[in-house]
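The values are calculated or read from the model by the stated rules, or taken from the named source; none is laboratory data. Here the structure is a predicted model, which is why all the values come from computation and not from measurement. Glycine also receives a Cβ, built like all others from the backbone with ideal geometry; neighbour counts cover every protein chain displayed.
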């Protein structure tokens, strides 16, 4: 294994190893001090940044377009194999750098932000797991491996949304986000299967597997479903404001920087296939445009800073989707990097910015006067009122999802429950044990 | 061969002996159960080393599950009768894995379920579990009777699976009865309801052991496919469709369920129905995926039921997923174990089920492109249900009704850690579980033009 390959393996695996060791020791009863955790985090990401810097420098010096590490197959069954290939090329390197730098910064920020918080260790464990998942997504040399990282990003995202576990709302919102993620991930799983079936491989380390028109369209549409879910594009945008229930540092790194852009990365990765199918490209542009418009309108009616920033992110990711659909790959990558950096700063600054704003109000003895120059003022008043109502309900997307998918599914589930109760003396749903109330129920009623 | 016979004899007869001893000498049940299960595990391990067959591997797996159950079993449940019942089930289940004779299989099939048919032993509160188990036994018995009637003369070879291989004894009626036996035992639609009833109304850990025997899948792999290659090729997809239908039906059903045991049973049933779909897929991926999934589902389900029982013992038996109980504050390690086992059941990356799901999805989509789509959909819904159960049980506001409750005790913690390590290390190094011989065995025999029996039989090496 050459230096370049070793560096790539180290960058990807270090956060995962730290997560594994710390969580295993915790399971056995060790609870590390806050300072220990933050130092380990700082050291890990500093080392990763150094290794990645060296990797980029050596690549630039030698003029090599990419570095790949092949570990063979994770498992092989018959003709099917799961290739373990890491790849750092001109597309993945900026994303790897973004992940390492921002994760390290967020780690340092969180050491103070979450000081003496109950879930301090849990946050850092999840941060490491998230970084590992993200690095796996961006360094994967095959879609099979990408799926692994993709799922890890999803689960850590959900667990961090439910970070403040004593409150019901974050927990329920986490569940909702999890459901959307899982539903959309079906597209990724089936898309990868389709690549295996039609192209014979899902690895792109040795060149992207090309498919004829119709098959390329099917794969693109399936991957677009997954990308739209992860990037909260219309019609899956409803989960993004719910995700703001998590701690601010996690909101910054997930929904301002890395997770929200994973969908765009996936589309950039399948750009050769997208370029083959103008239908898929048009759909990407359409979804991106719809999301950008949706994000900007709904964001204007948001009452809290984090939600406003989240919709700002959504707008930008919508624009990035348009760029990808138009084939403007370099612009899209630059846009992602710039947006991630600015948005992370905005998220991290949001709590203190509000504080500063209040101080400014006090200093001037009143409120700062509004500018009054908003683009929506160009519309007739009736349209403005309609748009305002539409924006307040966040485009009715959650309502549509509730009424169109969740409620019918739950009704069906209850019908099945009644069917299952046939032949029993009392319905399953109503059957309770004869024992008195438990401490749990007594506690709940207090 | 003699060594194999001795080792398998030790593996299933020692639990019976200890069960018998416990019936009369009712002291130290946990120690006796542990000793019997450990002996069984040791004999099965030696058998794996000796013969390296899948039946031996399944014996080892089930022995390990029982050993873990002995350690996790709360003091309240660790009565001599309960331990004897678990050992009784262990012995007969291992015999079912090992035997090559239909009559012995029938005996093992019936007797492994016997404790669950007796109300004062492991019987459930409703009639359906008993009915399901009895109907499955009746179907299997009738099928064997028809085979005997169809034979010109009844001898030991009449019931030998080796002798009957590929002969379709009894034709379609016997095939249908065997499929009915699988349907009832495995809880395939429309005979699925007894599984949840058994889990809710019976003792949690012994019922989990009964369900994790997967004798229905065993009958498919060991008997139906090798004996009925022609019929299997033509009619077997129907069972696969039913299995996938069950997976989706039960996954939808679990979305509105609030009783934790019932919910867990439904999710486990949905996930284990995928095993049948994989076995029927006639692809190397599907077959291997089904076998690996078998292992994952048993370990994860056992862990989940064990943790749930530990919670019930600590926090009351009426736990509900209707409200948030906030138990993670009292039992953070149990929460983590539950999360890992739960997510391992539904394909979390880094666990063994990620590989099994990957293989199953590829296998079923290859053989049934449309119905195969149901598999990832069912898994997605199961993941939501498991996460909902986790969040309702463990997250939320700390309850004031609980005082100082213990998190996982050392014996519980160690055995649960071993389970977690198994699914995680198995996920990191799946080839160690899939096995080069198993994968290659399936691959070599995989030929879509051939009869499914050849591929399956060589792969399973029963």
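Which of the residues that make up segment A:230-243 are surrounded by 24 or more Cβ atoms within 10 Å (Cβ to Cβ) and farther than 12 Å from residue A:401 by Cβ? Matches in segment A:230-243: A:230, A:231, A:232, A:233, A:240, A:243. The condition of being surrounded by fewer than 21 Cβ atoms within 10 Å (Cβ to Cβ) and within 22 Å of the chain's Cα centre (by Cα) holds for only one of B:3, B:43, B:38, B:56, that being B:38. Just one of the listed residues (A:187, A:229, A:191, A:149) is within 12 Å of the chain's Cα centre (by Cα) and closer than 22 Å to residue B:353 by Cα, and it is A:149.
Here's the yes/no breakdown for (1) in a loop (DSSP other than H, G, I, E, B); (2) more than 7 Å from chain B (Cβ to nearest Cβ); (3) more than 28 Å from residue A:121 (Cβ to Cβ); (4) in contact with a helix residue (DSSP H, G or I) (Cβ under 7 Å, 6 or more places away or on another chain):
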| residue | (1), (2), (3), (4) |
| --- | --- |
| A:144 | no, yes, yes, yes |
| A:149 | no, yes, no, yes |
| A:153 | no, yes, no, yes |
| A:157 | no, yes, no, yes |
| A:166 | yes, no, no, no |
| A:170 | no, yes, no, yes |
| A:176 | no, yes, no, yes |
| A:181 | no, yes, no, yes |
| A:186 | no, no, yes, yes |
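Looking only at segment B:297-321, residues that are over 15 Å from residue B:265 (Cα atoms) and either assigned to a helix (DSSP H, G or I) or within 15 Å of the chain's Cα centre (by Cα) (or both) come to 6 in all.
If you go through segment A:300-314 and keep only what is free of Cβ contacts under 8 Å to residues at least 60 places away in the same chain and in a helix (DSSP H, G or I), you end up with A:305, A:308, A:309, A:312. For segment B:322-335, the set of residues classified as surrounded by fewer than 21 Cβ atoms within 10 Å (Cβ to Cβ) and either in a helix (DSSP H, G or I) or more than 10 Å from every other protein chain (Cβ to nearest Cβ) (or both) consists of B:329, B:332, B:333, listed by residue number.
A search for C-beta distances below 7 Å between a residue of segment A:408-427 that is more than 7 Å from chain B (Cβ to nearest Cβ) and over 19 Å from residue B:194 (Cβ atoms) and any residue that is modelled with pLDDT under 95 and surrounded by 11 or more Cβ atoms within 10 Å (Cβ to Cβ), counting only pairs 6+ apart in sequence or on different chains, returns nothing. Among the residues making up segment A:196-221, those that are crowded, with 21+ Cβ neighbours inside 10 Å and within 11 Å of another protein chain (Cβ to nearest Cβ) are A:196, A:202. Of the helices (runs of 4 or more DSSP H) contained entirely in segment B:377-462, those carrying at least 3 residues that are within 28 Å of residue B:324 (Cα to Cα) and modelled with pLDDT of 90 or more fall at B:410-428. Exactly one residue out of A:109, A:82, A:75, A:163 is surrounded by fewer than 20 Cβ atoms within 10 Å (Cβ to Cβ) and farther than 21 Å from residue A:262 by Cα: that is A:109.
The residues of segment B:180-202 that are away from chain A (no Cβ under 14 Å) and out of contact with any helix residue (DSSP H, G or I) (no Cβ under 6 Å at 6 or more places or on another chain) amount to a single one, B:183.
Looking at A:76, A:36, A:70, just one residue is without any contact (Cβ under 8 Å) to a residue 60 or more places away in the chain, outside any helix (DSSP H, G or I) and in the same structural domain as residue A:115 (by TED's automatic domain parsing), and that residue is A:76. If only residues of segment B:340-369 that are outside any helix (DSSP H, G or I) and more than 10 Å from chain A (Cβ to nearest Cβ) are counted, the one that is nearest to the chain's Cα centre (by Cα) is B:351.
Looking across B:180, B:193, B:221, one residue alone is surrounded by 24 or more Cβ atoms within 10 Å (Cβ to Cβ) and at pLDDT 90 or above. It is B:193.
Taken over segment B:225-266, residues that are under 22 Å from the mean Cα position of the chain (by Cα) and part of a helix (DSSP H, G or I) amount to 28.
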